[in-house]
1. From the gyration tensor of the Cα coordinates in segment B:179-241, what semi-axes in whole Å does the equivalent ellipsoid have, largest first, with each one equal to sqrt(5λ)?
2. Calculate, for A:Arg86 and A:Asp59, the FRET efficiency according to 1/(1 + (r/R0)^6) with r their C-beta to C-beta distance and R0 30 Å; round to the nearest 0.05.
3. Over segment B:1-111, what is the mean sequence separation of C-alpha contacts under 8 Å (at least six apart), divided by residue count, expressed as relative contact order in percent?
4. Karplus couplings for segment A:28-37 from phi (6.51 cos²θ - 1.76 cosθ + 1.60, θ = phi - 60°), rounded to Hz, Gly and Pro as x?
5. Going by amide H atoms built from the backbone, whose H comes under 5 Å of the H on B:Ala61, apart from near neighbours?
6. Whole-Hz ³J(HN,Hα) for each residue in segment A:59-64, computed from phi via Karplus 6.51 cos²θ - 1.76 cosθ + 1.60 with θ = phi - 60°, x for glycine and proline: what do you get?
7. Report the dimensions of the protein assembly as shown along its three principal axes from the alpha-carbon atoms, largest first, rounded to Å.
8. Run the paramagnetic zone check for B:Glu6: 7 angstrom along Cα to Cβ, then residues of segment B:16-45 with backbone nitrogen under 12 Å.
Number of protein chains: 2
Amino acid sequence: MSTDLERLSINQATTRPQWSLAEAIEGYARAGIRSIGIWPDKLAECGLAEAKRRLAANDMAVSSLSLGRVFSEGASAGSEYDRCRRALDEAAELGADCVVVLAGTQGSGPGPGPVGGLARARATVRDDFADLLSRLGPPPVPLALEPIHPMQAGELSCVNTLDQALDLCDALGNGIGIAADLYHLWWDPGLDAALARAGDRILACQVSDWLVPTVDLMAGRGMPGDGVIDLPHLMSRIAATGYRRTIEIELMSRNDWWNRRPETVVAVCAERFLQYIRPAL
Amino acid sequence: MSTDLERLSINQATTRPQWSLAEAIEGYARAGIRSIGIWPDKLAECGLAEAKRRLAANDMAVSSLSLGRVFSEGASAGSEYDRCRRALDEAAELGADCVVVLAGTQGSGPGPGPVGGLARARATVRDDFADLLSRLGPPPVPLALEPIHPMQAGELSCVNTLDQALDLCDALGNGIGIAADLYHLWWDPGLDAALARAGDRILACQVSDWLVPTVDLMAGRGMPGDGVIDLPHLMSRIAATGYRRTIEIELMSRNDWWNRRPETVVAVCAERFLQYIRPAL
């Protein structure tokens, strides 16, 4: 079992309401899963030393630490430095593969009136990241920039396609790569080409499925196999880039999986990984 | 008043639950608006002859007739021919500027399992449209293909960016242009360039605003000025293409405007048009 599942990671957002970090580490490990994606609030609740002990005791690796947004309204490289520094240092302590960040939609926010926020955010995000990277110095683990679905351009992130994220990486040089969450990217007519362009810059790969209908923009994701994303095809494109790390199932599901027994969620993740994801890797 | 509003049209979807076609024609005209976008179900309910009389009596033009999806699951050029033929003939009778169509997501649909639907739909949509256009012959009014927001790629349309729609138009030749609904397009980092590329192929331009948060994927749109789309900028880009037709406010709003007095909705549309849209045209 552990061999078949060795390239599966589960992001703990998948069992966010049900399990603490300690419970998730143990629950995933009991199901034969060897890797976990972690969130800073859950890590803070557990404590870094305790998290390290639990990971070691369960022989679990950390595929990512998700920092969330940087450069939201009013933020600057200076004000974001502390959060990033801490996340990078904690990620290094945990042996995480990368720290996942989103580029916030600085300057936007709800009305009234057109505010030019998205264009302004896009115009400044490269300089903001360059400033941040230069303050951080060579990061102990790489930052992975996650492009976010266009439906969240107004409230979450101004980087909305893989090509746009790659343009940013091109401009920023070393120290930053890509977190490719296929839930955000699957619709893009240029995705196959963009994945080929990304090549070895893909530092993390996350999956879930697109439900029809989708009733919640933030947390309405489906279990792999329950929606309309052609995961076997996309997995073959990910494999073709040379990607050899884990595939992280990250499934925010307010109306369904967040209300189920976490042991069931994890068992179904493993089953669907073997059915739809692993064969193409 | 009529001069200031001469380039405003309201799509009757904006007052769909409140008003019949006859009521919408009269209600919009009373507010000084000179043009309306029409839906076939509302037209059928009214009857073509009666619609023509009401339009003439109120000196109202028709900016578009929205046919909705062609090539949904199981459809073919043969099975779509009758609907399109009828819509084109009715649009010609009404003197409409264009018939708006969406390219359906044939082959997708809800799970279980990945179905390759989006890729299959995209691979076949050009041939399907070419077949349909050849059966229709030179259309009496042009078809306008509307690219649809990526958040509806799974359930509504496989054409999700303006560039993708323009590629399709390039392949299809004459008889088909673009309906640019900026609600679907505003997030696109390549939009300014795609609008310039579109040039005189833009046959209709629709607007509403992106609300933060957006709680309804299908009918959660905002009144121009209430959201985060930079309408003055986008209107200047539309004007730069040479576009001289009306701007249609099309506002599907289940939780807000659909529950208000239609006279209020129309008055606010006119006010916001003058504030955010007309100055840049």
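Read-outs throughout are calculated quantities, based only on the coordinates presented, and are distinct from any laboratory measurement. Keep in mind that this is a model prediction, so the values were computed, not measured. With ideal geometry, Cβ positions are generated from the backbone for all residues, glycine too; neighbour counts draw on all protein chains shown.
1. Semi-axes from the Cα gyration tensor: 22, 11, 10 Å.
2. 0.70
3. Normalised by residue count, the contact order of segment B:1-111 is 25 percent.
4. Coupling constants for segment A:28-37: 5, 4, 4, 8, x, 8, 10, 8, 9, x Hz.
5. Those qualifying (amide H under 5 Å, at least 5 residues apart or on another chain) are B:Ser35, B:Ile36.
6. 6, 10, 9, 10, 7, 6
7. Taking the Cα atoms of the protein assembly as shown, the three principal extents are 81, 49, 39 Å.
8. B:34
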